[in-house]
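Chemist: Handing you this structure, nothing more for now.
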Amino acid sequence: MPTRIAVVGAGIIGQLRSQSIRENPETELAGVMDIAMGNAERAVAGTSGKACTDIRQLLDLPNLDAVIVSSPVHHHEEAVVAAFAAGKHVLCEKPLSNTVESCVRMLEAGRKGGKKFATGFNHRYYPSMKFLKQVVDNGQIGTVDHLRVFGGHDGLHNFRADWQYKMPESGGGAMMDVGIHMTDLAHYVMGDISEVYGTATERIWNVTGSEDNAMAIFKSASGVSAAYQATWTEWKGYRFFVEVYGDRGMVRGYYAPMFNLLVTQDKPGGARKKTMKFYPEIMVREKLRSWTSTALLSFKDELADFLKMIRGEQSALADGFAGYRAVEIAHAVRASTISGAPVRLTTR
């Protein structure tokens, strides 16, 4: 029998999440909840799924196995806690919530409910990031020494609603927006981050509590470090990259456009071999069908790994702790800005 999954939220991302469920032969779209009934009805069109505007009605659907939460971030906790209380597995969009305390309550609800908890960090599934992770895991660049991660766009006109960038609903600025993906990708590649030192400013867009630029140094327990930047003043527009440096080379994953650079050498200072990897099919598809076509493919891969997680299998999927850690790190950078000192994070 297919896994029955419901979706909370039917905006742009919720519609894509619903589509990924509809198009997976192992899943069935049980229902969609949104405060706008028309959005919910559009998401379930052509299926037997139920459109509704009430979370209780959604969670009472028969034989429901799991819930994907794609509502605005300040409503995540309510939906996640309710889903766990109803005995459902949960995949929640990033950022996990808008405060660290809220994330902690969500993790506790997951532990109490005894169900699987995943965070929707879909950038792990972008082809350039999958290639980068494979290169690192295969040891092609040797022992990892440090990372550089960057994510940004050119400002507030990119947002569709005020809650996406204004406190307290947003939980912060650039670090909770494009930067939250970069924090997770650093965590994903370098291991759990144990120390944060940085500075965040809000001198460009002047939105109180929402940084428009943040720079930081992350350190892992194993000694790997990362230089991090999240910005809303990137003149090139939306883009992000991760660079990983080892003793036998480096690898870069980039978007947009999607590409990789791999440089390898037999030893430090040795002869270098450079390899470029491009994705012309993605560039063409995005020209014809927009960025959502790439996001949809990543959601499909993420959904497949959510099913693995439910079955108790290993996958690349971010768990609830990864979602908590990314929010904790954003708040740690702000705390470091005030104190001028590094912030130590609790170990898992």
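Chemist: Restricting attention to the range 299-321, which residues are among the acidic types (Asp, Glu) and part of a loop (DSSP other than H, G, I, E, B)?
Modeler: The one that is among the acidic types (Asp, Glu) and part of a loop (DSSP other than H, G, I, E, B): GLU313.
Chemist: Just the residues that are open to solvent by less than 10 Å² (accessible area, probe 1.4 Å), part of a helix (DSSP H, G or I) and in contact with an Asp or Glu (Cβ under 9 Å, 6 or more places away or on another chain), please, taken from the range 124-146.
Modeler: LEU132, the sole residue that qualifies.
Chemist: Looking only at residues in the range 216-247 that are touching a Gly at 6+ places or on another chain (Cβ under 6 Å) and surrounded by fewer than 18 Cβ atoms within 10 Å (Cβ to Cβ), which one is nearest to GLY340 (Cα to Cα)?
Modeler: So, considering only residues that are touching a Gly at 6+ places or on another chain (Cβ under 6 Å) and surrounded by fewer than 18 Cβ atoms within 10 Å (Cβ to Cβ), the one nearest to GLY340 (Cα to Cα) is SER222.
Chemist: Can you tell me how many residues within the range 176-208 are of a type in the set (A, V, I, L, M) and in a helix (DSSP H, G or I)?
Modeler: 8
Chemist: Here is a check on your reading of the model: is VAL149 at pLDDT 95 or above, open to solvent by less than 40 Å² (accessible area, probe 1.4 Å), closer than 19 Å to LEU317 by Cα and not in a helix (DSSP H, G or I)?
Modeler: So VAL149 does not fit the description; no.
Chemist: Right, something else. When only residues in the range 159-192 that are small (Gly, Ala, Ser) and closer than 30 Å to ILE141 by Cα count, which is most open to solvent (accessible area, probe 1.4 Å)?
Modeler: Within the range 159-192, the match that is most open to solvent (accessible area, probe 1.4 Å) is GLY191.
Chemist: Next question. Of the conditions (1) surrounded by fewer than 17 Cβ atoms within 10 Å (Cβ to Cβ); (2) closer than 24 Å to GLY9 by Cα; (3) charged (D, E, K, R); (4) modelled with pLDDT of 95 or more, LYS115 fails just one. Which one is it?
Modeler: Of the numbered conditions (1) surrounded by fewer than 17 Cβ atoms within 10 Å (Cβ to Cβ); (2) closer than 24 Å to GLY9 by Cα; (3) charged (D, E, K, R); (4) modelled with pLDDT of 95 or more, the odd one out for LYS115 is (1).
Chemist: Out of the residues in the range 193-205 that are farther than 16 Å from GLU234 by Cα and not aromatic (Phe, Trp, Tyr), state the one that is most open to solvent (accessible area, probe 1.4 Å).
Modeler: The residue in question is THR199.
Chemist: In the range 278-290, which residues are touching a residue at least 40 places away in the same chain (Cβ under 8 Å) and either open to solvent by 80 Å² or more (accessible area, probe 1.4 Å) or aliphatic (A, V, I, L, M) (or both)?
Modeler: Result: ILE282, single match.
The values are calculated or read from the model by the stated rules, or taken from the named source; none is laboratory data. Keep in mind the model is a prediction, meaning the values are calculated, not measured. Positions of Cβ are generated from backbone atoms using ideal geometry, with glycine treated the same way; all protein chains shown enter the neighbour counts. Note: accessible area is taken over every heavy atom of the protein model, side chains too, but ligands, DNA and RNA are not part of it. Shrake-Rupley method; radii C 1.70, N 1.55, O 1.52, S 1.80 Å.
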